[in-house]
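*Asks:* First the structure, which I've put down as structure tokens, then a few questions once you've had a look.
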Amino acid sequence: MVKCAHYLNKENSVAITGIKGFNDILPGEVEKWQRIEATARRVFQIYGFSEIRVPIMEKTELFSRSIGDATDIVEKEMYSFTDKGENRVTLRPEGTAGVIRSYIEQKLHVLDPVTKLYYMGPMFRYERPQKGRYRQFHQIGAEVVGVTNPRIDAQVLIMLRHFFRDLGLTEPTLQINSLGCPECRPAYRAALKGYLEERRELLCDDCRRRMESNPLRALDCKVPGCGQATAEAPSVLDHLCRGCDDHFVAVRRHLDATETSYAVNHRMVRGLDYYTRTTFELVTGLLGSQSAVAAGGRYDGLIQELGGPNLPGIGFAMGVERVALLLSANASAKAPDLFIAAHGEAAGDEAFRLMTLLQGQGFRVELDYEGKSLKSQMRRADKLGARHTLIIGEDELANGRGMLKEMATGVQLELILEAALLAEALSSQPSP
Ligand code: ATP
Ligand code: MG
């Protein structure tokens, strides 16, 4: 027999690992993800959102133009490269830019003056991996295009709260702010810049640089010295123009009227340049410095900036990994309804036949494929948390009857080994 080289050189084959910051999501964990995704789909549909699926790669200029050149994302976090056709492309670091690019390109505003979209999928940022921060991570996000009225700001926030409530999470808490608009932000920028210049010595290198290009980012800096230096910084809320102030007051009024709890955080700036007026974060105290679970805001200038009509927009994205970290581990794999333990070859065949018929009817049934001892099969039934077990030995096979045992109560029921009768017995004790 000729053995292939692959076998002969076994000692040379070193296992290939995944890329740092790119995770596998394994069974046991993936059930939480499915629950998060299913909850998002269900809740977002209630509020009139439809799913959109856009590519995970776009032209680099889409992100530099929308997110802004002087942001952390564009300056240092993007996975950009030149493809074989000499095109500059980037793995998307966030979802809004691609969704709005598609909205404009596919002329979705022609179909309906108000467009509500949601998306889910992987995003890529070259960051330092740690708990709750990865290089491939996943977002679920939503965008509304075409509504200026502050009721939509409130509705988006109410929908987010609804989503977290349905997942059984009371955390995270909602923080809101207003970043003003092109009318009023320049004056605030100037005031903040003046304040920062007086404290230049106390700021980190990044913030000294940001002072020129994007001084608002200094308020968001995670270096403790910068936090102290900016503690008394002027508040953006004191610099809003009339229109922005009215808008923010109305958003809060709608949140109050619907008993949606929130806190105003005037230091909250977002890491993307396109935000105007309302911005918000859902914040948790349980994930260290990865405290933002979801974040978003209004982006009234973005659609025109990207070559589309002059329409307002608002949206958010949540980090699925961070939501999953907040969910308790007990949402893991669904336990089988029944484990069939069989003794001997013929009993094994019968167990297999019954399992297949029951699975066809939607029951989760497991058995042992390897001919292990009855004792070891029962240990496995235990490990899987099977709700019922059924043992088929030589006697059971001979007289066509078996004992169905409900594990939680120990109650046993003798019944004829027919799939229909088993199905009836299993459904008389519904799944939790
Ligand atoms: P942070 O301040 O934690 O860096 P961010 O402001 O960069 O967050 P956004 O760009 O607003 O985050 O993205 C929205 C959400 O996506 C965040 O609130 C977070 O839950 C999630 N997120 C962002 N970056 C990562 C990452 N590298 N790994 C995991 N989740 C992330
Ligand atoms: Mg970030």
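Nothing in this text is a laboratory measurement; each read-out follows from the coordinates by a stated rule. Note that the coordinates shown come from a computational prediction; the quantities given were computed from them, not determined experimentally. When we count neighbours, we look across all protein chains shown, and the Cβ atoms used for this are built from the backbone with ideal geometry, even at glycine.
*Asks:* What lysines could a cross-link reach from K32, if we take a straight Cα to Cα line under 22 Å and drop same-chain neighbours fewer than 8 places away?
*Replies:* K131, K334, K383
*Asks:* Using the Karplus curve 6.51 cos²θ - 1.76 cosθ + 1.60 with θ = phi - 60°, work out ³J(HN,Hα) for each residue of segment 216-225 in order, rounded to whole Hz, and write x for Gly and Pro.
*Replies:* 4, 4, 4, 5, 9, 5, 8, 6, x, x
*Asks:* Continuing with this model, one more query. Taking amide H positions as placed in the peptide plane 1.01 Å from N, state which residues far from Y79 in sequence (5 or more) or on other chains have amide H under 5 Å from it.
*Replies:* Distant-sequence amide H within range of Y79: L91, Y126.
*Asks:* May I ask for the Kirkwood hydrodynamic radius of segment 334-427, worked out over all distinct Cα pairs and given in angstroms to one decimal?
*Replies:* It is 12.9 Å.
*Asks:* Set the Förster distance to 41 Å, then compute FRET efficiency between A250 and R41 from the Cβ-Cβ distance, nearest 0.05.
*Replies:* Efficiency computed from Cβ-Cβ geometry: 0.85.
*Asks:* Hey, another quick one. Taking a spot 7 Å from the Cα of Y126 along the direction of its beta carbon, which residues of segment 74-112 have an amide N less than 18 Å from it?
*Replies:* Residues 74-84, 87-94 fall inside that zone.
*Asks:* Tally Lys and Arg at +1 and Asp and Glu at -1 over the other residues with C-beta under 10 Å from the C-beta of M57: what net charge comes out?
*Replies:* Value of the local net charge: 0.
*Asks:* Sticking with this structure for a sec: Considering only R199, R217, R252, give the residue with the highest GNM mean-square fluctuation for the chain, with springs between Cα atoms whenever their separation is below 10 Å.
*Replies:* Greatest mean-square fluctuation among the candidates belongs to R199.
*Asks:* In Å, the Kirkwood hydrodynamic radius of segment 201-337 over pairs of distinct alpha carbons?
*Replies:* In segment 201-337 this quantity evaluates to 17.7 Å.
*Asks:* Rounding to the nearest 20 debye, state how big the charge dipole of segment 334-427 is about its Cα centre with +1 on each Lys and Arg Cβ and -1 on each Asp and Glu Cβ. Write out the running numbers ahead of the final one.
*Replies:* Numbers: 11 positive and 15 negative charges, 97 e Å.
The calculated dipole for segment 334-427 is roughly 460 debye.
*Asks:* In terms of modelled amide H atoms, which long-range or inter-chain residues lie less than 5 Å from the amide H of E58?
*Replies:* Those qualifying (amide H under 5 Å, at least 5 residues apart or on another chain) are T90, R92.
*Asks:* Moving on. Need the C-alpha centroid separation for segment 385-432 versus segment 69-101, integer Å.
*Replies:* Using only Cα atoms to place each centre, the spacing works out to 57 Å.
*Asks:* Same structure again: Across the chain, what fraction of all alpha-carbon pairs, as a whole percent, falls in each successive 10 Å bin from zero upward?
*Replies:* With 10 Å bins starting at 0, P(r) equals 4, 17, 23, 19, 13, 11, 8, 3, 1, 0.
*Asks:* Please give me the summed charge of the neighbours of F248: other residues whose Cβ is under 13 Å from its Cβ, Lys and Arg +1, Asp and Glu -1.
*Replies:* For residues surrounding F248, the net value is 0.
*Asks:* Ok, one more. Applying a 10 Å radius around every beta-carbon, put 334-343, 298-307 in order of their mean neighbour count, most first.
*Replies:* 334-343, 298-307
*Asks:* Around T278, which amide H atoms from residues at least 5 apart in sequence, or from another chain, sit under 5 Å from its own amide H, with H modelled in the peptide plane?
*Replies:* Amide H neighbours of T278: L179, R298.
*Asks:* Write down Rg/Rh for segment 45-137, rounded to two decimals, with Rg from the C-alpha atoms and Rh from the Kirkwood relation over Cα pairs.
*Replies:* My calculation of the ratio gives 1.01.
*Asks:* While we're here: Kindly provide log₁₀ I(q)/I(0) values, in the same order as q = 0.19, 0.22 Å⁻¹, from the Debye equation applied to equal alpha-carbon scatterers of segment 140-232.
*Replies:* With one equal scatterer per Cα and no solvent, log10 I(q)/I(0) is -0.93, -1.01.
*Asks:* Please compute the modelled spin-label separation between F22 and T148, points set 7 Å along Cα→Cβ, answer in nm with one decimal.
*Replies:* That separation, rounded to one decimal, is 4.5 nm.
*Asks:* Another question, if that's okay. Distance from the Cα centre of segment 269-343 to that of segment 213-251, in angstrom?
*Replies:* About 23 Å separates the Cα centre of segment 269-343 from the one of segment 213-251.
*Asks:* What distance in nm lies between label points placed 7 Å from Cα along the C-beta direction at A190 and E345?
*Replies:* 9.2
*Asks:* Taking the Cβ-Cβ separation of S213 and S13 as r and a Förster radius of 56 Å, what is the calculated FRET efficiency to the nearest 0.05?
*Replies:* FRET efficiency, S213 to S13: 0.70.
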